[in-house]
Every structure is written in C-alpha cells, then in structure tokens.
Amino acid sequence: MKKIMLSLLLLMAAVSANAQFEKGTTYVSASTTGLGLSYSSSEKFNFGMEFNGGYFLQKAWMLYGTLGYDHTRYTDHFQIGAGGRYYFTQNGVYMGIGLQYEHATKSINNVQLCPEVGYAFFVNHFITIEPAVYYHMSLNDFSDGSKVGLKIGLGFYF
C-alpha cells in the first residue's frame, strides 16, 4: 500500500511540474551565487545575487534575461545578460546557456559564455527551489576571468 501511495504522489508531482513548463508561462527568480560556492583563480571570497526573468516560447524552452551583482574582497562586479534553457519535463532538470556582459569597479569589462545545469524542485504549483552548477567562461581573459560555482535560487512560475 505504501508503494502505491508513493507512486501516485510522485506521478502527481511529475504531472504538476510538467504543467509549469508550457508555452506562455512566465518565470521570475532570485539566486545567491556566492558565499564560498564559486571559485575563480583571481578571487577567493565571493558573494553574489542574481535576478532572472523569463518566458516559455515553446513547451520546455525558455528565454530569459539576467541581472547580477558579485562582491569580492577588492572589487564589485555587475552583470547583465540573456540566455535560454531547456527543461526535461519528466523530472525538472534543466540545461541552459547564456551570454553576459560583466563590468567590475576596477575598469574590467568582460564578456562571458555561461552554461549551467540545474534542477527545479517544486515546493507547490508555482514556487521552486533551484540549485544549479554554472561556469562563467570569460571570452576576454580565460584564466583570470572565468569561474565555476553553485547557485541556489527561489523561482516563481505563473
């Protein structure tokens, strides 16, 4: 009996998660990208916030825009960018790629290619907790401008 109830619960969760990735759904999220969860060879401590807004053009395909801020020991970094995501509707795993422009207070300007892999865990029909692994690959200064990290966010689908 326990197995049947658990199977039904998982099926309902999968069906409700699948409904959120439909064409016309709007997405808004806020994530923390630092607190020691990222690494760059030029920066040891990092605290960051990222805000995203997106729209599903087709089932499981989303275009989004992003604004970000990172604080390191010596500089502040501001980012603006755009990208796309594909959601595997069976389980909430997504893959995304974006392009962003980063400006640092020490007159550093950087263009970055930003692939990521994450998971949309639905708390209810509209709210998700979204852990993701990302890599910001600098197109200007690969060795010092690139970083890899983990971000944890809160997403809203409506």
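Just so it is clear, none of the values below were taken in a lab; they were calculated from the coordinates. This structure is a prediction, so every number in the text was calculated from the model and none was measured. Backbone-built Cβ (ideal geometry, glycine too); neighbour counts: all protein chains shown.
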Fill in: Per-residue Cβ neighbour rank within 10 angstrom, fewest leading, R85, R73
R73, R85
Item to complete: Once you have the Kirkwood Rh of region 85-145 from its Cα pairs, apply Stokes-Einstein at 4 °C and 1.567 mPa s and quote D in µm²/s.
Response: 98
